[in-house]
There are 4 protein chains.
Amino acid sequence: MKQAIYTVTVEFGDCDPARIVWFPNFFRWIDAASRHFFVACGVPPWHETEKTLGVIGTPLVDTHAKFIKTASYGDVLAIHTSIAEWRGKSFVQRYKVMRGGELLMECDEVRIFAARKEDGGIRAVAAPESILQLCKDH
Amino acid sequence: MKQAIYTVTVEFGDCDPARIVWFPNFFRWIDAASRHFFVACGVPPWHETEKTLGVIGTPLVDTHAKFIKTASYGDVLAIHTSIAEWRGKSFVQRYKVMRGGELLMECDEVRIFAARKEDGGIRAVAAPESILQLCKDH
Amino acid sequence: MKQAIYTVTVEFGDCDPARIVWFPNFFRWIDAASRHFFVACGVPPWHETEKTLGVIGTPLVDTHAKFIKTASYGDVLAIHTSIAEWRGKSFVQRYKVMRGGELLMECDEVRIFAARKEDGGIRAVAAPESILQLCKDH
Amino acid sequence: MKQAIYTVTVEFGDCDPARIVWFPNFFRWIDAASRHFFVACGVPPWHETEKTLGVIGTPLVDTHAKFIKTASYGDVLAIHTSIAEWRGKSFVQRYKVMRGGELLMECDEVRIFAARKEDGGIRAVAAPESILQLCKDH
């Protein structure tokens, strides 16, 4: 299974008055790690795939996260990212947020490949074959 | 069951290049809705309960969210918040994010009552009786 | 001079380990106050003016802010917003962030009316007469 | 003059519906660059200096920024940071945000060394000699 690692240094402003990372920031980093996985596999940026494939991105439809240990500023986090399952118009993206050998947080998401609807909204489309080729193991 | 409603207006800067709310912002609002539930029940701010009860806040240990419809700037969202279950040192907080009659997102969280450990970390403590009295129905 | 007031309640997650508002959040709120000024004057949302006038928004080119007093969570802030000067393709937008009668922060910005360039970048355009009519006093 | 460089990769979620960096994010990065300058000079983290020197951080009292060119996701930014002037209880910290050879944004800030007041607020204190020794050229 292909895996990409996205590295983050926790900043002072990422932490709250309890001096630990304010949890929505984990989702900021996970969203970046999601896109970096595709970039690492060779998928072009979404503003290009919008023109070539009609795909504007991979919005989230479901997420389940467990927060195991806290982090604070100065910590360096490595987010290990992979695709746990391909499901036609959606897929399960999996994350493990590590600080050295410690697991801090894990998260399973369901995301779709999205195209723009005529009314400005978005709709799910089948994963383009060219993207699957880049992201799957062979 | 006690319920509080937290209202948010979506701003331009809450939206991403796909022109929809960037999902980590939903978690920002849900965290605010969590605290507002306790404030609405009459629980003092955490910097007071830190002194009186040793409780520094209610950090998240698990969250599961479903994203049903997108939102964009100008939308007014009402986040309906309640406690679905009390579990000694933890509790399940439930959210429904509505735009008028439409359900946009729902989320179930497990949170703990946290106290400061001597090494600067945090640990779960039993829900203080005074907080339970304020938050439960009678 | 027309003035709009945008109200914000400071949240736990807006504060940093020093337990005061982390300053970039003031700019989040000021950007929202900027747009709300135009909305309060009757200017349509930017995704409409993009179609009707070619204007995609009012990006910032210069900002100067003074931070006079700190704020923390639970505080209610009123951001008083006006246009101090109109300058053809740009304008000076002025903000005073108040907590009751106390001035916490003040800010003067230069913003432009922006249109999309063919290469995807943006360029300044003259303020559309219809927008000036809505925003100026008569 | 000592200089530190802080590197940032712009993410999808840092950009707004106009597909350019939403400007408050520049201030998030600049705040991180400010702290990294001190870290690069060998100054301990603020939760240590709070105990040893009474200094809880360097909050901002004034900032003036010019936005020269826009950035979008995928761009790699280098924030060149230095101290332009030492002024007893305050100092001027200077930033140049570069994308390769292009200057995107520049910013001059006035910051203070802050200590905790008894009522929970903060006050300016003289720059500790040990910090000056680390940050000044010799």
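The values are calculated or read from the model by the stated rules, or taken from the named source; none is laboratory data. Nothing here was measured: the structure is a model prediction, and the numbers come from that model. When we count neighbours, we look across all protein chains shown, and the Cβ atoms used for this are built from the backbone with ideal geometry, even at glycine. Note: accessible area is taken over every heavy atom of the protein model, side chains too, but ligands, DNA and RNA are not part of it. Shrake-Rupley method; radii C 1.70, N 1.55, O 1.52, S 1.80 Å.
Site pair D:ALA84 and C:ASP119 shows an inter-label distance of 2.9 nm when each label is modelled 7 Å from Cα along Cα→Cβ.
Once both labels are positioned 7 Å from their Cα atoms along Cα-to-Cβ, the gap between B:ALA4 and D:GLU106 label points is 4.7 nm.
For B:ASP14, neighbours were defined as the other residues whose beta-carbon sits under 12 Å from its Cβ, and their charges (Lys and Arg +1, Asp and Glu -1) total -1. Each other residue within a Cβ distance under 10 Å of A:ARG116 adds +1 if Lys or Arg and -1 if Asp or Glu, for a net charge of 0. Near C:LYS66: Cβ cut-off under 10 Å, other residues only, Lys/Arg at +1 and Asp/Glu at -1. The net charge is -3. Rounded to the nearest 20 debye, the dipole size of the stretch B:1-75 about its Cα centre is 200 debye, using +1 on the Cβ of Lys and Arg and -1 on the Cβ of Asp and Glu. Total lysine pairs in chain A at Cα distances under 29 Å, for residues eight or more apart or on different chains: 17. For chain A, the longest principal axis of the alpha carbon atoms and the long axis of helix A:24-41 meet at an angle near 50°. Between the beta carbons of D:GLU48 and D:LEU132, assuming R0 = 25 Å, the FRET efficiency works out to 0.90 to the nearest 0.05.
With a 1.4 Å probe and every protein chain left in place, work out the accessible area per residue of chain B in Å², rounded to a whole number.
Averaged over the residues of chain B, the accessible area is 42 Å².
Here's how it looks for C:ILE122: its modeled amide H is under 5 Å from those of C:LYS117, which are all 5 or more places away or on a different chain. Take the Cβ atoms of D:CYS41 and D:ARG99, set R0 to 35 Å, and the FRET efficiency comes out at 0.90. Per-residue Karplus couplings for the stretch B:78-95, computed as 6.51 cos²θ - 1.76 cosθ + 1.60 with θ equal to phi - 60°, are listed in order as 10, 9, 8, 10, 8, 9, 7, 6, 9, 9, x, 8, 9, 7, 9, 9, 10, 10 Hz, Gly and Pro entered as x.
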